Amino acid sequence: MKMVEEICSGIEQIRTLHPLVHNITNYVVMNFTANVLLALGASPVMAHAIEEVEEMVGLANALVINIGTLSGPWIDSMAKAVRAARDRSIPVVVDPVGAGATRFRTETARRLLGEAPVAVLRANGSEILAIAGIKATTKGVDSVAGSEDAREAAKELAKTYAMVVAVTGAEDFVTDGSRTAVIRNGHPLMSRITGTGCSASAITGAFCGVTKDAFAAAVGALVTFGIAGEIAARENPGPGSFQVRLLDALDAVESSAITECSRVALS
Amino acid sequence: MKMVEEICSGIEQIRTLHPLVHNITNYVVMNFTANVLLALGASPVMAHAIEEVEEMVGLANALVINIGTLSGPWIDSMAKAVRAARDRSIPVVVDPVGAGATRFRTETARRLLGEAPVAVLRANGSEILAIAGIKATTKGVDSVAGSEDAREAAKELAKTYAMVVAVTGAEDFVTDGSRTAVIRNGHPLMSRITGTGCSASAITGAFCGVTKDAFAAAVGALVTFGIAGEIAARENPGPGSFQVRLLDALDAVESSAITECSRVALS
Amino acid sequence: MKMVEEICSGIEQIRTLHPLVHNITNYVVMNFTANVLLALGASPVMAHAIEEVEEMVGLANALVINIGTLSGPWIDSMAKAVRAARDRSIPVVVDPVGAGATRFRTETARRLLGEAPVAVLRANGSEILAIAGIKATTKGVDSVAGSEDAREAAKELAKTYAMVVAVTGAEDFVTDGSRTAVIRNGHPLMSRITGTGCSASAITGAFCGVTKDAFAAAVGALVTFGIAGEIAARENPGPGSFQVRLLDALDAVESSAITECSRVALS
C-alpha cells in the first residue's frame with residue numbers, strides 16, 4: 001500500500017533528520033508534547049515571546065500553534081509566528097483547543113486561520129463545528145460531537161482555507177476538501193490522559209517537517225500515534241502507566257507494526 | 001458508616017457525570033492536576049485569560065483557584081472567575097500555595113477569600129496560620145507547621161468566611177467551624193513528588209462538582225486521595241514510579257478499598 | 001579521592017538539610033525540575049512575579065535562573081532576583097537555554113551575567129560559544145557543538161565573570177578559569193527526554209545550597225546526575241520509562257555508586 005509506505009518513510013525521515021518543531025502551545029501539555037516529539041525522533045522547541053518568535057520560526061521545519069491556555073500577548077505572538085512561517089514557506093499546524101467553549105477561543109482560532117496559510121487544522125468534532133459556525137456543544141476542551149458529525153464541516157473548511165483538516169475522535173477523519181481518509185487506529189485510554197489531542201497536532205507538525213504533502217503528513221501522524229497508543233494499551237495499564245508506555249511506544253514503533261496495524265480507508 | 005457510603009457515592013458520581021472542573025492553577029502542576037482529574041473520572045479545563053474566565057466558569061461544575069505561580073494579571077482573572085462562580089452558584093475551592101512565604105501570596109489569598117464565597121479552602125498548616133494572621137514559618141511552599149498547630153485557626157477561618165477549611169499534612173483536618181473530621185489516610189511518599197497538595201485541592205473541586213455538602217466533599221476528596229496514595233505506595237516505589245502509580249490508583253480505587261481503608265474520625 | 005568524598009557529602013547534606021532552591025525557569029520543565037529536586041532531597045519553589053521574587057530569594061539557599069521560555073516581564077523578574085541574591089550572598093545558577101538560537105536569548109543571557117555575580121553558568125556547547133560571541137550553530141535549544149569545542153570559550157567566560165562554567169554534553173566540562181574537570185558520566189538516553197539540561201542546572205543549585213565551593217558543586221551535581229542517568233538506563237528502557245526511573249535513581253543513589261561509578265578527571 002502506497003500510503004503505508006509513505007507513513008513508514010515519514011517516521012524514518014523524522015528519526016534521521018530530527019526536524020525542528022517550533023511549538024507555541026499551552027502550559028498543560030508543554031512537557032508532554034516535548035517528550036512526545038523527542039520520543040518520535042523530532043526536535044522540539046518552545047518559544048512564545050514576541051521578540052523572538054520570528055527568528056525561531058526561521059530555524060524551524062514546522063510551526064505548531066495550540067490555543068489551549070490562551071491570553072492576549074500570546075495571540076499576538078501566534079499571529080506573528082504564523083506570518084513569519086508564511087514568509088519562509090514553513091508549514092503551520094493549528095490546534096484550536098476549546099474552540100466553541102468560549103467566544104475568545106473560537107474567534108482566536110478563526111483569526112489564526114485568516115492570518116496566513118495553514119497546512120493542517122487538527123481538532124476534535126466540537127471544535128470543527130464551532131469554527132465552521134455550526135452550533136455545537138462542548139464540555140470545556142473535550143468534544144461532545146463525534147468526528148462523524150463534523151465531516152461535512154471539515155470538508156467545507158478545508159476548501160475555504162485551502163488546508164488539510166484532521167478531525168480526531170474514536171475514528172479520525174482527514175480531508176483536503178477532495179481526498180479523505182478515515183483512520184481507525186488508537187485506543188480509548190488516549191482520552192484518559194491529558195494532551196493526546198495536542199500531541200497528535202505536534203506529531204502532525206513533525207511529519208509536515210519532512211514531507212510537502214500535508215494530507216499525507218496528517219494521515220501519517222494520526223496512524224503512527226494511534227498505533228503507538230494501541231501498543232501502549234496492551235495489558236490494559238492504568239492511565240499513569242499508559243502515559244509512560246505511550247512515549248516508549250513512539251520511540252519503538254517499527255515499520256512492521258505500521259504495516260500490520262494501520263487501518264486507513266482512503267477515498 | 002454514613003460518611004464512607006457518601007464517599008463511595010461521590011466517586012461513583014464523578015465517574016458517571018464527569019464534572020467539569022475549571023482550574024486556574026500554577027504552571028508546575030497543570031499537567032499532573034489534569035491527569036489526576038482525568039484518572040479520577042472528572043473532566044479538567046485550564047483557562048486563565050481575563051477575556052474568557054467568566055464564560056468558562058459558566059460551563060463548569062466547580063472552580064479551583066491555586067496561587068502557586070502567581071502574577072498580577074492572573075490575580076485579576078482569579079478574582080473575576082470567583083465572582084462569576086458566585087453569580088452562578090458554582091462551588092469554589094481555593095488553594096493558597098505559599099501563603100506566608102511572601103506577603104504577595106498572603107495578601108492574594110486573603111483577597112480571594114474576601115472576593116466572594118468560597119466552598120473549601122484547602123491548605124497546609126503554615127498557610128492556614130499565615131492567612132489567619134498568626135506568625136508562622138514556612139519553607140518556600142512547604143509547611144513547617146503540622147496540621148495540628150493550625151486547627152484552631154482553621155476553625156476560626158471557617159467561621160469567619162462561612163466556608164469549609166481542609167488542612168492537609170501527616171493527618172488531615174477538615175472543619176466547617178462546627179463539624180470536624182480528622183483523616184489518617186495518605187503516605188509519606190506523597191510529599192516526595194510535586195503537586196500532591198494541589199491535586200488534593202483539584203480532587204476537592206471534583207467532589208464539590210457532584211455534591212452540595214462542601215464538608216463531605218472535602219472529606220471525600222482527602223480520604224480518596226489518601227487511600228490512592230496508600231495503594232500507590234505498596235511495594236515502596238521510588239518517587240518517579242509512585243507518581244505514575246498514583247494516577248493508576250485513582251483510576252482503579254474501588255468502594256471496597258474506601259470501606260476497608262478509610263480512617264476518618266468525625267466530631 | 002577527595003572529590004568523590006565531597007560529592008557524597010554534598011548528597012548527604014542535601015538529603016539532611018533540604019536546601020530551598022528558588023527556580024525561575026521555563027514552563028516546559030517546571031514539573032520535572034521540581035520532581036528532580038524533590039527526588040534528590042532538596043526543596044523546590046517556583047516564583048516569578050516581580051512583586052515577590054526578592055522576598056522569595058531571601059528565603060532560598062540557591063537561585064536558579066533558566067531562560068527556556070522567556071518573555072519581557074520574566075526578564076525583569078530574573079534581573080531583580082539575581083540582584084536580590086547578590087545582596088544576600090545567595091548563590092546563583094544561570095541556564096541560558098537556547099542562547100545563540102535567537103538574539104533575544106543571547107542578549108538576555110549576557111544581561112543576566114552582567115547584572116550581578118553568578119556562581120555557575122550551566123550550558124551546552126552552542127550556548128557557551130554564542131555567549132562568548134563565537135559564531136556557532138544551534139538547532140533550537142539543542143547543541144550542535146560538542147562540549148569540547150566550547151572549552152576555551154568556557155575558560156575565558158569563567159575568567160571574565162569570575163564564575164564557574166559547566167558545559168554539558170557527551171562529556172561534561174567544568175572550569176573556574178584555572179581548575180578544570182572533565183566528567184564522563186551520563187547516558188545518551190538523557191538527551192531523549194526534555195529537561196535534562198535544565199535538571200542539571202537545578203541540581204547544581206541544590207549543591208550550591210549546601211557548599212560554598214561552586215566548582216565542587218557543579219562537579220558534584222553533574223557526577224550525581226550522570227550516575228543517576230546511568231542507573232536509570234540499565235535494562236535499556238524507552239524514554240518514558242527512563243524519565244520515571246531517573247527520578248527513582250536520584251532518590252536511591254548511594255555513596256557506593258558514586259564511589260564506584262564516578263569518572264572525573266581533574267586538572
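The values are calculated or read from the model by the stated rules, or taken from the named source; none is laboratory data. Just so we're clear, the structure is a prediction, and the values are computed from it rather than from any experiment. A quick note on method: Cβ atoms are made from the backbone with ideal geometry, for glycine too, and the neighbour counts reach across all protein chains shown. Ligands, DNA and RNA are excluded from the accessible area calculation, which covers all protein heavy atoms including side chains. Shrake-Rupley method; radii C 1.70, N 1.55, O 1.52, S 1.80 Å.
Buried surface for the C/B pair, taken as the accessible area of each chain alone minus that of the pair with a 1.4 Å probe, is close to 2300 Å² in total. Across all Cα atoms of the protein assembly as shown, the radius of gyration (one decimal) and Dmax (whole number) stand at 25.1, 72 Å.
The overall shape of segment B:143-222, judged from the alpha-carbon gyration tensor, is oblate: a/c is not under 1.5, and a/b is no greater than b/c. Note on segment B:1-86: percent of Cα-Cα distances in each 5 Å bin, starting at 0 and stopping at the bin with the largest distance, equals 3, 15, 23, 20, 17, 11, 7, 3, 1, 0. Here the contact order of chain B, divided by its residue count and restricted to Cα pairs under 8 Å and six or more residues apart, works out to 20 percent. Label-point spacing for A:Asp76 across the identical copies (point 7 Å from Cα in the Cβ direction), in nm and ascending order: 1.3, 1.3. Computed 3J(HN,Hα) for segment B:213-223, one whole-Hz value per residue from the Karplus formula 6.51 cos²θ - 1.76 cosθ + 1.60 where θ = phi - 60°, is 8, 5, 5, 4, 4, 5, 5, x, 5, 6, 5, glycine and proline marked x.
Look at the stretch C:233-241: the mean tally of other chain Cβ atoms within 10 Å of its residues' Cβ atoms is 6. Ranked by the mean number of other Cβ atoms within 10 Å per residue, highest first, peptides B:16-24, C:220-228 order as C:220-228, B:16-24. In chain B, the DSSP beta bridges split such that about 40 percent are antiparallel, to the nearest 5. Inter-copy label distances at C:Arg103, shortest first and taken from points set 7 Å along Cα to Cβ: 4.0, 4.0 nm. Taking every protein chain into account, the accessible area of segment C:76-128 amounts to 30 square angstrom per residue (probe 1.4 Å).
Under the rule of -39500 (n - 2.57) per DSSP H run of 4 or more residues, summed and divided by the residues of chain A, what mean residue ellipticity at 222 nm is obtained, to the nearest 500 deg cm²/dmol?
So the calculated ellipticity at 222 nm is -16000 deg cm²/dmol.
Taking the inverse of the mean reciprocal distance over all distinct Cα pairs, the Kirkwood hydrodynamic radius of segment C:171-267 comes to 13.6 Å.
On a per residue basis, the convex hull of the C-alpha atoms belonging to segment C:67-143 measures out at 72 Å³. Put simply, the amide H of A:Asn23, placed in the peptide plane, has neighbours under 5 Å in A:Val45, A:Met46, A:Ala47, A:Val64, leaving out anything fewer than 5 places away on its chain. Between this copy and the others, label points of A:Glu5 are 6.7, 6.7 nm apart in ascending order, each placed 7 angstrom from Cα in the Cβ direction.
Cross-link partners for A:Lys2 among the lysines, with Cα-Cα distance under 20 Å and sequence neighbours closer than 8 places in the same chain left out: A:Lys212.
Considering only A:Thr204, A:Thr108, A:Thr25, the mean-square fluctuation computed in a Gaussian network model of chain A, springs between alpha carbons under 10 angstrom, is largest for A:Thr108. The orientation-averaged projection of the convex hull spanning the C-alpha atoms of segment C:2-266 amounts to 11.9 square nanometres. Considering only protein heavy atoms and a 1.4 Å probe, what is the carbon-and-sulfur percentage of the accessible area of chain B? Carbon plus sulfur share of accessible area: 50 percent. Averaged over the residues of peptide C:48-57, the number of Cβ atoms from other protein chains lying within 10 Å of each residue's Cβ is 5. Of all lysines in the structure, those lying under 28 Å Cα to Cα from B:Lys135, and not within fewer than 8 positions of it along the same chain, are B:Lys155, B:Lys159, C:Lys80. Describe numerically, in nm with one decimal, the distance between label points set 7 Å from Cα along Cα→Cβ at B:Glu148 and at C:Asp87. Result for the modelled spin labels: 3.9 nm. Take each residue of peptide C:72-81, count the partner chain Cβ atoms within 10 Å of its Cβ, and average: the result is 1. In terms of its Cα atoms, segment B:86-191 spans 39, 30, 23 Å along the principal axes, sorted from long to short. Among the trypsin sites (Lys or Arg not before Pro) in segment A:91-154, those placed in a DSSP loop whose Cβ has at most 14 other Cβ atoms within 10 Å are A:Lys135. Between the exposed loop cleavage positions of chain B, defined as GluC sites (Glu not before Pro) in a non-H, G, I, E, B DSSP state with at most 15 neighbouring beta-carbon atoms within 10 angstrom, the longest gap is B:1-234.
Which percentage, to the nearest 5, of the DSSP beta bridges contained in the protein assembly as shown is antiparallel?
Antiparallel: roughly 40 percent of the beta bridges in the protein assembly as shown.
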